[in-house]
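One structure below.
Every number here is computed from the coordinates shown, using simple stated rules; none is lab data. The structure presented is a predicted model; accordingly, all values stated were derived computationally and were not measured. We place every Cβ from the backbone using ideal geometry, glycine too, and count neighbours over all the protein chains shown.
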Amino acid sequence: LSECITDLYAAILGYLARIMHYYGLTTAVRILKSVIVSKNDMKAKYEPVETAQAKFRRLMEISGAQDLGSAVDGIQGIEQHLKDKDGRDQMEMQSLRDTMKDLHQPIDRIDSRLGQIQDGIEQQMRTQILKAISTIPYGVHHKIASKGRLEGSGRWLLNKSTFSDWRKRSNSSVLWLHGIPGSGKTKLASLVVDEV
């Protein structure tokens with residue numbers, strides 16, 4: 001009987017040690033573990049206590065010892081305390097999960113806004129670099145060339161395999177348009193700019 005009580009005590013101490021270790025972790029780690037560790041895993045960690053307690057009860061019934069009743073009450077008190085603590089832990093974990101969900105939307109909004117700001121900064125930098133490279137107002141030239149282009153004209157170039165191959169390339173390459181003056185190279189180039 002004393003061996004059974006020792007086993008029960010050891011099982012309870014082992015369970016308490018695991019619980020204390022769990023609560024010794026940072027809140028973030030506990031939240032992550034709560035997502036990974038299921039309720040069944042928590043019950044499995046408590047099973048040695050239940051097994052030892054059942055063995056103790058069987059031995060007590062066999063021995064018919066009346067004076068061990070108070071020991072059982074004490075063990076049941078410990079068991080109830082552990083169950084209550086587990087219930088509080090579950091509520092705390094649910095509260096933390098709810099808080100994390102509440103924080104998710106503002107974090108997404110901030111992330112989206114930061115992305116927009118970064119894109120704006122990158123666009124400004126590209127514009128400054130292009131202005132530093134060339135003083136030619138390429139935007140104005142493109143608008144003029146696009147205005148003079150007839151609708152549907154030059155579509156043949158976009159359907160050419162040469163153009164498709166050039167566009168699909170991941171490395172930097174040049175699509176060379178050549179022809180006599182006035183043959184429409186500028187109009188085709190403006191079409192390609194609009195397409196790309």
Under the Karplus relation 6.51 cos²θ - 1.76 cosθ + 1.60, θ = phi - 60°, what is the ordered set of whole-Hz ³J(HN,Hα) values for the stretch 123-128, x standing for Gly and Pro? 5, 4, 5, 4, 5, 5
Shape of the stretch 136-195 from its Cα gyration tensor (a ≥ b ≥ c, root eigenvalues): rounded if a/c is under 1.5, otherwise prolate when a/b > b/c, or oblate? prolate
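Expected output is a single nm value to one decimal: the length gained when fully extending between M91 and A17, i.e. 0.36 nm times separation in residues minus the C-alpha distance. What is it?
The span from M91 to A17 would gain 24.6 nm if fully extended.
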Low-density loop positions, trypsin sites (Lys or Arg not before Pro), the stretch 125-196 - DSSP coil, at most 10 other Cβ in 10 Å: R169
With x for Gly and Pro, the residue-by-residue ³J(HN,Hα) of the stretch 49-59, computed from phi through the Karplus equation 6.51 cos²θ - 1.76 cosθ + 1.60 at θ = phi - 60° and given in whole Hz, is 5, 5, 5, 5, 5, 5, 4, 4, 5, 4, 5
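Please compute the length gained on full extension between T26 and E195, using 0.36 nm multiplied by the number of residues separating them and subtracting their Cα-Cα distance. Before the final figure, lay out each step's value.
Details: separation 169, 0.36 × 169 = 60.84 nm, distance 5.34 nm.
Additional length available on full extension: 55.5 nm.
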Cross-link list K43/K101; K55/K83; K43/K85: which exceed 21 angstrom alpha carbon to alpha carbon? K43/K101
